[in-house]
Each structure stands twice: as structure tokens, then as C-alpha cells.
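The values are calculated or read from the model by the stated rules, or taken from the named source; none is laboratory data. A quick note: this is a predicted structure, and the numbers were derived from the prediction, not measured. All Cβ positions, even for glycine, are placed from backbone atoms using ideal geometry, and neighbour counts span all protein chains on display.
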Amino acid sequence: MTLTTANTGPDLQIDGDRLWADLIDLAAIGAFDDEATGLVGVDRQSLTDADRSGRELLISWMEELGLEITIDEMGTIFGRREGQDPELAPVLIGSHIDTVATAGAFDGCLGVLGGLAVLRSLAEAGLRPRRPIVVAAWTEEEGVRFGTDMLGSAVAAGRLSLDYAYGLTDAAGARLGDELMRIGFRGDRPVRLEPPHAYLECHIEQGPVLAQEDRPIGIVTGVQSISWQKVTLHGRAAHAGTTPTELRIDAGLAAAQIIIEVRRMVDSGRYGRLRATVGHIEASPGLPSVVPDRAEITVDLRNPDDADMARAEADLAAFLGTLSDSQPGLRVETAQMARTKAVPFAEEVQDALETAAKERGYDSMRLMSGAGHDAQEMAAIAPAAMVFVRGQHQGISHNPREYSTPEDCRAGVEVLASAVRELSA
Ligand code: HGY
Ligand code: MN
Ligand code: MN
């Protein structure tokens, strides 16, 4: 596929103040005082009332821009600016505005609000490229409420079915399909997306690399593989004082053994650059004097190499099978929550972003993404790539300390704007 690169005239001017103000205004929705950091965090999990308010604010900004707004069956919001030739496949800019429960102001939001800033700059410059340009806010990118990340974009790209997504439930048993209805965002635009001409996403790096290398901009080469599974351990409740150790079936002990094992796997070096996280740990009945009869943990594995990931998953499964050796009667239940392979991004879109960074005078470097993104789902149906923005505080993210400077945020959106302009010319 040849991407047109006709691009003349002065650079698009991005209003960094407006971008920053929008980030702050959106972050106020779902804001909470985070005791651990003393900062204000954001909890705007998908399809909650807070998410509904965030969506309504986003739509008001899209209306201000005169965009044609559609909402698909998964609740993903699309704002379209018409091109000179409406028949041409659009350039799609996207990201997400749902957050984890302990978020900062930037993850996902920078990409959606940056997309609006690009459209605003085109309007202000009086430019109308040949191709339509669409900004998307994908539903449930984080996956923390309904258990599968990049959900809206995965259904749009056809990797997951609408029925599967509608049937997912949150911890309280609420179904995703019902929650979409409840907040009024179960749209009627067919969810399967016509492939765009190209897909671009601007996102904070969420890691320390750009800051360490002193680069404001990253050109993302792809996303590593992701495996999420829930492991439930069934033991036997018993009195903590009277029950001899040899008579126990301690679900909490088994959970701890798994946590130690995944870290041992990482440290062994046998699985390449494996990362493992047990982020959710729950033991019940959760009482000081009762041996836990049930424990539930999640195991998040990441690996840039698919073969190393597959081996790690197989070895972990084998380890789980040995747990009852030391505790006869222990039952281990696993459920795969999310699973994506490593995804390479399109060279030609990476090149367009790198050229844009050069033209704008920004130092950039190419790097793989440690986090999952909607762009990896779009890469299945269109040439896709991402531009990363340097993070502060060692790039911490999924935490209220998440922070990128106004200058770096503007730089990332300027690079996005120049690349979008080239690809939509
Ligand atoms: O989990 C991730 O990597 C992304 O934040 N959803
Ligand atoms: Mn994100
Ligand atoms: Mn995230």
C-alpha cells in the first residue's frame, strides 16, 4: 500500500494550552485524593457513571469542532472531519479515555484529546486534506473492570466477538452489554470497522526509556505479547490454632508459592525479557484465625518474544500442576482473561512519524511498547504506529504520579499532526 505523502505549507500549529486545559478538565472527572501519593488521582473505569461524564465532555468538544459523531455497538465514540474526497478511507487517530482505578491524567487521554487538537489545528489553518480524518475513543482499553484489555478496538478489528464482549462481567456481576445500555452508550454503528487508510496513536510512554535517553519523542516499533490469567486456589478453611500443618489445605500458601515462582521465572533469564506481575491478590475468608480456603490472584505476563512467552505460560501451567503435591486436596482453577501476541507496527507509518519529528526538530528514537494499546488491534486491519511522549518520575504510570510536561505533550501532538497531515494529504 503506498501512503501519499504530499504535504505543503507551514506546520500545523498545536494549541498546547488548550490541550493541557482539556487534559486537566477531563482528569477532574473521576478525580480522587490518593492517600498513598498525596496527589489527585483519576478513577474513570469504563462504563461507570464517571466514564459516562467523561464521554459526554468529549462529545461536547467534538460537537464544538463540528465533527460527525457516531457511536458503535461497543460504545466506542468516533468524531469524523470530512475530507475533500469523502469516498477515501479515512486516517484514524485514536486512544482511550477509560482509566485504571489509580490513574493519572495522561494515559489514553493524551491520544484522544491530541486527536481533537490536530483537527482543531486543521480547521484553524483552513486546511481540508483529501482524506477524512476520524478521532476514536475506544471502549474498555484498560480491561480492569471487565477483565480483557483493548476490548473495544479488538471487537472493531474482529479479534473478539461482540457477544463475548457483551457477556463479560465486572466484579459485581454487571454485564458489559447492560452497562453500555445503562449509561446510554450502546450505539448502533456496526462495530466491525472498515479498515482505515492508516491508524496513528499518540500516548505517554509509561516507562523510563525516553527520559533515560533524554528524548522527548518515541517512534513505537510494536507492542510486546500480553497474557492475563486469573488463578483460583481452592483449599479448606480450618482453625489457625488447632489445625496441625500437615492437615491443612492452605489456599493462601499456594497463592504465595505462585507469586514466588513467577518472579523466579523472570530472574532465571530462561524466558528472555519476561515481565510478570501478580496485581490482584485476594484470600478468603480473610480472617486472622482462619486458614484461607480460597485464594484468587491474577498473573500478568509480558514478553517481546512470542516463543519465550509461550514457554513461560507452559512452564507456569506445569508448576500449577505440582501445587497439590505438597498440599493434597488443593484444587487449582485457571481462566485466561486476555492474550495477545507481539505486534509489529507498520514501517511506513513509523517513518512518517519519524520524519514528522525531524521536521519539527524533535530528537526521537524507536522503541517497543511495554504496555498494550489499541494500535496493536488496529494493526491487524490497517498500517498502524504510535508516537510516544516522554514521561517524568521514571515514566511511572497507572498511578497518580504519572506526568508528562506540557511541552512534551505538545511535541507529541505536533508530531502526530504532521504525520496525519502527510498521510491524509
Ligand atoms: O495493560 C496494558 O498494558 C494497557 O494499559 N491496557
Ligand atoms: Mn493506555
Ligand atoms: Mn493503561
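Go through Pro288, Pro292, Pro328 for me and flag whichever is surrounded by 15 or more Cβ atoms within 10 Å (Cβ to Cβ) and modelled with pLDDT of 95 or more.
On the way: Pro288 fails: surrounded by 15 or more Cβ atoms within 10 Å (Cβ to Cβ); Pro328 fails: surrounded by 15 or more Cβ atoms within 10 Å (Cβ to Cβ).
Being surrounded by 15 or more Cβ atoms within 10 Å (Cβ to Cβ) and modelled with pLDDT of 95 or more holds for just one of Pro288, Pro292, Pro328, which is Pro292.
Look through Gly143, Gly167 and report the one residue that is over 15 Å from the mean Cα position of the chain (by Cα) and surrounded by fewer than 24 Cβ atoms within 10 Å (Cβ to Cβ).
Working: Gly143 fails: over 15 Å from the mean Cα position of the chain (by Cα).
Testing whether each residue is over 15 Å from the mean Cα position of the chain (by Cα) and surrounded by fewer than 24 Cβ atoms within 10 Å (Cβ to Cβ) leaves just Gly167.
Taking the criterion of being within 16 Å of ligand 2 (Cβ to nearest atom) and under 30 Å from Gln392 (Cβ atoms), would at least one residue in region 120-129 satisfy it? Can you show your working first?
Initially, region 120-129 is screened for residues within 16 Å of ligand 2 (Cβ to nearest atom), giving none.
No, region 120-129 has no match at all.
Which condition number in (1) part of a helix (DSSP H, G or I); (2) within 14 Å of ligand 3 (Cβ to nearest atom); (3) not aromatic (Phe, Trp, Tyr) is the one that Thr99 fails?
Failing condition for Thr99: (1).
Could you tell me whether region 1-9 includes any residue that is at pLDDT 95 or above and either outside any strand (DSSP E or B) or not polar (S, T, N, Q) (or both)? Can you show your working first?
Applying the first criterion (at pLDDT 95 or above) to region 1-9 yields none.
No; the residues of region 1-9 include none that is at pLDDT 95 or above and either outside any strand (DSSP E or B) or not polar (S, T, N, Q) (or both).
Can you give me the number of residues within region 78-120 that are under 20 Å from Ser424 (Cβ atoms) and either within 16 Å of ligand 1 (Cβ to nearest atom) or not acidic (Asp, Glu) (or both)? Can you show your working first?
Here is the first cut: in region 78-120, the residues under 20 Å from Ser424 (Cβ atoms) are 78-95, 111-120.
Going one step further and asking which of them are either within 16 Å of ligand 1 (Cβ to nearest atom) or not acidic (Asp, Glu) (or both), we end up with 78-81, 83-84, 86, 88-95, 111-120.
So the count comes out to 25.
Table: residues versus (1) within 16 Å of ligand 3 (Cβ to nearest atom); (2) farther than 25 Å from Arg128 by Cα; (3) in contact (Cβ under 8 Å) with a residue 24 or more places away in the chain.
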{"site": "Thr340", "(1), (2), (3)": "yes, yes, yes"}
{"site": "Met386", "(1), (2), (3)": "yes, no, yes"}
{"site": "Gln392", "(1), (2), (3)": "no, yes, yes"}
{"site": "Glu407", "(1), (2), (3)": "no, yes, yes"}
{"site": "Glu414", "(1), (2), (3)": "no, no, yes"}
{"site": "Leu423", "(1), (2), (3)": "no, no, yes"}
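Among residues belonging to region 347-376 that are of a type in the set (Asp, Glu) and touching a residue at least 24 places away in the same chain (Cβ under 8 Å), point out the one that is farthest from ligand 3 (Cβ to nearest atom).
Step one: of region 347-376, the residues of a type in the set (Asp, Glu) are 347-348, 351, 354, 359, 363, 374.
Going one step further and asking which of them are touching a residue at least 24 places away in the same chain (Cβ under 8 Å), we end up with 348, 354, 359, 363, 374.
Numbers: Glu348: 27, Glu354: 24, Glu359: 29, Asp363: 25, Asp374: 11 Å.
Residue satisfying both the conditions and the ranking: Glu359.
Return yes when Asp107 is over 20 Å from Asp11 (Cα atoms), assigned to a helix (DSSP H, G or I), within 16 Å of ligand 3 (Cβ to nearest atom) and charged (D, E, K, R) and no when it is not. Talk me through it step by step, then tell me what you get.
Numbers: over 20 Å from Asp11 (Cα atoms): yes; assigned to a helix (DSSP H, G or I): no; within 16 Å of ligand 3 (Cβ to nearest atom): yes; charged (D, E, K, R): yes.
Criteria not met by Asp107.
From Leu92, Leu116, Leu88, which residue is in a loop (DSSP other than H, G, I, E, B), among the aliphatic types (A, V, I, L, M) and away from ligand 2 (no atom under 16 Å from the Cβ)? Walk me through how you get there before you give the answer.
Values: Leu92 fails: in a loop (DSSP other than H, G, I, E, B); Leu116 fails: in a loop (DSSP other than H, G, I, E, B).
The unique qualifying residue is Leu88.
Search region 362-400 for residues being surrounded by 24 or more Cβ atoms within 10 Å (Cβ to Cβ) and β-branched (Val, Ile, Thr), and hand back the single one that is farthest from Leu423 (Cα to Cα).
My answer is Val389.
So for region 124-143 (the condition being assigned by TED's automatic domain parsing to the domain that holds Leu67, modelled with pLDDT under 95, in a helix (DSSP H, G or I) and away from ligand 1 (no atom under 16 Å from the Cβ)), does at least one residue qualify?
Yes, the conditions are met somewhere in region 124-143.
Among the residues of region 36-43, is there at least one that is in the same structural domain as Val387 (by TED's automatic domain parsing), crowded, with 21+ Cβ neighbours inside 10 Å, at pLDDT 95 or above and within 20 Å of Asp374 (Cβ to Cβ)?
Among the residues of region 36-43, at least one is in the same structural domain as Val387 (by TED's automatic domain parsing), crowded, with 21+ Cβ neighbours inside 10 Å, at pLDDT 95 or above and within 20 Å of Asp374 (Cβ to Cβ), which makes the answer yes.
Take the residues in region 65-87 that are of a type in the set (A, V, I, L, M) and more than 23 Å from the chain's Cα centre (by Cα); name whichever of them is nearest to Arg18 (Cα to Cα).
In this case the residue turns out to be Leu65.
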